[in-house]
Amino acid sequence: MLRNRAILNRIPFILLIVVTLLIFGTLAWLSVLRYESYNATMLDLGNIVQSIWSGTQGEPLIYTSISGAESRLALHVELVFFILAPIYALFPNPPALLIFQAGLFASGAIPLFFLARRRLGNPYLALAVSSTYLLYPVAQTAVLFDIHGDTLAMPLLIFAIDALDREAWSAYAAWIILALMCKFHVAFAVLGIAASLYLLKRIKPAIATATLGLLWLALTLFIRSQFDSGLAASSAASSLASYFEFYYGDPAAIVSSVIPRALNLGIAFGPALLLAVRSPHWLIPGLIMAAPVVLSTGPGPVYLYRNHHYALIVPFLMAALVFGASNFAISLSRRTSLGGPPRRSLAG
């Protein structure tokens, strides 16, 4: 009897591995197919691959723009590209990086499974949550839209949330730092985590997380100011001002596109919202990351769901989904007087 139960408990994890490999293979194949059919873009994949190649030459992530040679360190400060440089040195072609990105994304299903299994006490529900992540619309569109730092940070933040829930502080700090290296504005997502922890009365972790986020934000703004070749970029403040001018320089455009912006926001949040709203604390970082996207007047347009800009809301939607389901189960068990698992400190 016990042996049969153990086998049944293993089945969801085996199914998870199968689903994860299937999604990884599908997204990797579609990403490479998109590249080979000339649907990838110079302004994203081309520039980023060139900057990663530059890293293999010991250069500071240089790429060629309309203005001439520039550094990614003057833009999004994607220090993670230095970590990708050895991969590109071994496999010097863009598809290798696309496959790596798809694999990294898919790996996020594993810590999410363990997080959900701990919180919900049911491996089949954990499988459902992990499958939701792997199939989440704006997660998949991010993976399929060239290579970007926020897409790389998406699974890393899930690893961090799982470590936080286990109170594995060294692992939590390591995953947070890796995520921060992906793009300078990941610091705002980390500050969102700190805000959630503070509201959950986890004061010490909140202070430590906020400190790390603020220090990293200050460091990246300094790096931007040092590598920005513009005449106005003589300080971190002016570098940040130029960034805001590029992405938020036409506020009047927001009024004329309120409806499509709202619809895209609904696509980004809608699939997880029914349960996620039951853990509003974990929606805070997602809302912090979604607000600049919806309000941006940058090219693309930025607010479209099919690009990569909503990638950083996904880890927090998944966390809210897990803890929201946990809160729902607790509420249901109380109403039916059947008892239930104790309220956990991160559930909200």
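The values are calculated or read from the model by the stated rules, or taken from the named source; none is laboratory data. Since the structure is predicted, the reported quantities are computational estimates derived from the model, not experimental observations. Glycine gets a Cβ as well: all are built from the backbone with ideal geometry, and neighbour counts include every protein chain shown.
Each row is one residue, and each column tells you yes or no for (1) crowded, with 19+ Cβ neighbours inside 10 Å; (2) closer than 22 Å to Ala116 by Cα.
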residue: Val277; (1), (2): no, yes
residue: Trp282; (1), (2): yes, yes
residue: Ile288; (1), (2): yes, no
residue: Leu295; (1), (2): no, no
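Regarding Leu212, is this residue touching a Gly at 6+ places or on another chain (Cβ under 9 Å) and modelled with pLDDT of 95 or more? So Leu212 fails the test. Only one of the listed residues (Leu79, Leu75) is at pLDDT 95 or above, within 23 Å of the chain's Cα centre (by Cα) and closer than 27 Å to Ala218 by Cβ. That residue is Leu79.
Residues considered: Ile254, Ile259. Of these, the only one that is more than 29 Å from Lys201 (Cβ to Cβ) and exposed (fewer than 15 other Cβ atoms within 10 Å of the Cβ) is Ile259.
A quick yes/no check of all residues on (1) crowded, with 20+ Cβ neighbours inside 10 Å; (2) touching a residue at least 60 places away in the same chain (Cβ under 8 Å); (3) at positive phi:
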| position | (1), (2), (3) |
| --- | --- |
| Gly121 | no, yes, yes |
| Pro137 | no, yes, no |
| Ala142 | yes, yes, no |
| Asp146 | yes, yes, yes |
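Yes/no matrix, rows are residues, columns are (1) over 28 Å from Phe246 (Cα atoms); (2) modelled with pLDDT of 90 or more; (3) of a type in the set (Lys, Arg):
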{"position": "Thr26", "(1), (2), (3)": "yes, yes, no"}
{"position": "Glu36", "(1), (2), (3)": "yes, yes, no"}
{"position": "Asp44", "(1), (2), (3)": "no, no, no"}
{"position": "Leu61", "(1), (2), (3)": "no, yes, no"}
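Criterion first (at pLDDT 90 or above, surrounded by 22 or more Cβ atoms within 10 Å (Cβ to Cβ) and not aliphatic (A, V, I, L, M)) does Phe269 satisfy it? It is false that Phe269 is at pLDDT 90 or above, surrounded by 22 or more Cβ atoms within 10 Å (Cβ to Cβ) and not aliphatic (A, V, I, L, M).
Condition check ((1) closer than 19 Å to Leu84 by Cβ; (2) in contact (Cβ under 8 Å) with a residue 60 or more places away in the chain) across all residues:
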| site | (1), (2) |
| --- | --- |
| Ile14 | no, no |
| Val19 | no, yes |
| Leu22 | no, no |
| Thr26 | no, no |
| Trp29 | no, no |
| Tyr38 | no, no |
| Gly55 | yes, no |
| Leu61 | yes, no |
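Within the stretch 66-78, residues that are over 14 Å from Trp53 (Cα atoms) reach partners that are surrounded by fewer than 21 Cβ atoms within 10 Å (Cβ to Cβ) and not β-branched (Val, Ile, Thr) with beta carbons closer than 6 Å, at six or more positions or on different chains, in the pairs Leu73/Pro60; Leu73/Phe227; Ala74/Phe227.
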